[in-house]
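Before any comments, here is the structure.
The values are calculated or read from the model by the stated rules, or taken from the named source; none is laboratory data. Treat the numbers as computed from the prediction; the structure is a model and nothing was measured. Quick reminder, even Gly has a Cβ in these numbers, built from the backbone with ideal geometry, and neighbours come from all protein chains shown. When the accessible area is computed, the model is the full protein with side chains, heavy atoms only, and any ligands, DNA or RNA have been set aside. Shrake-Rupley method; radii C 1.70, N 1.55, O 1.52, S 1.80 Å.
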Amino acid sequence: MAPYTRTTNEPTDGPVVVFLIGMRFNRPWKVRAWLPVVSAMSGMLRELERDPAHGLLGTRPGIGPGGPFLVQYWRDRESLYAYASDTAATHRPAWAAFNRRARRYPGAVGIWHETFVAGEFETIYGDMPPSGLAKTLGVREIDAATDGGRRRLDASRHAA
């Protein structure tokens with residue numbers, strides 16, 4: 001039997017921006033209201049994955065009580081806001097289209113986002129493939145320097 005493995009993320013040289021974005025199916029039968037939102041997000045992710053210069057480091061999808069959400073890890077807040085306001089990128093036209101649909105189908109679909117600039121963080125993964133911040137920043141085995149939440153948090157603060 002293989003031993004239990006514990007891993008954490010590699011340190012980073014600065015803050016990581018954690019951007020949560022999701023939608024809620026308020027009226028799931030109004031497919032014309034929410035399906036374009038799902039499709040637009042897929043297009044944005046393809047665009048961001050094709051061009052790492054935008055600053056997206058990684059993603060982690062999930063399903064919440066009201067619908068799907070996505071955790072995004074960004075290099076910095078400037079990259080996130082630059083992409084969001086870039087008129088040549090997919091986001092701006094998708095946002096305008098969403099607003100038009102929201103007026104046509106009021107209350108059918110809700111959207112939300114939250115942005116966090118995380119200068120300190122700690123992670124632990126037990127018998128897990130690389131995921132979350134470890135998949136984004138790199139994974140390393142827990143050792144004496146990272147054994148314990150306080151030590152991992154300190155290691156994230158004192159990255160090179």
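Taking a Cβ cut-off of under 15 Å around ALA96, the surrounding Lys, Arg, Asp and Glu residues balance to a net charge of +4, with basic ones at +1 and acidic ones at -1. Excluding ligands, DNA and RNA, the accessible surface per residue across the chain is 61 Å² with a 1.4 Å probe. Full extension of the chain segment joining ALA145 with ASP13 gains 45.8 nm, where the gain is 0.36 nm per residue of separation less the Cα-Cα distance.
Multiplying the sequence separation of SER39 and ALA53 by 0.36 nm and subtracting their Cα-Cα distance, what value in nm do you get? Walk me through the numbers on the way to the answer.
Values: separation 14, 0.36 × 14 = 5.04 nm, distance 2.26 nm.
Full extension of this stretch gives 2.8 nm more.
At a 1.4 Å probe radius, carbon and sulfur cover how many percent of the accessible area of the stretch 15-87?
Working: 2480 of 4160 Å².
Answer for the stretch 15-87 is 59 percent, counting heavy atoms of protein chains only.
Which loop-located chymotrypsin sites (Phe, Trp or Tyr not before Pro) does the stretch 22-93 contain, where loop means any DSSP state but H, G, I, E or B and the Cβ has at most 13 other Cβ atoms within 10 Å? Taking the stretch 22-93 and a limit of 13 other Cβ atoms within 10 Å, the loop chymotrypsin sites (Phe, Trp or Tyr not before Pro) found are TRP29. Per atom type, the stretch 88-135 shows carbon and sulfur on 56% of its accessible surface, probed at 1.4 Å.
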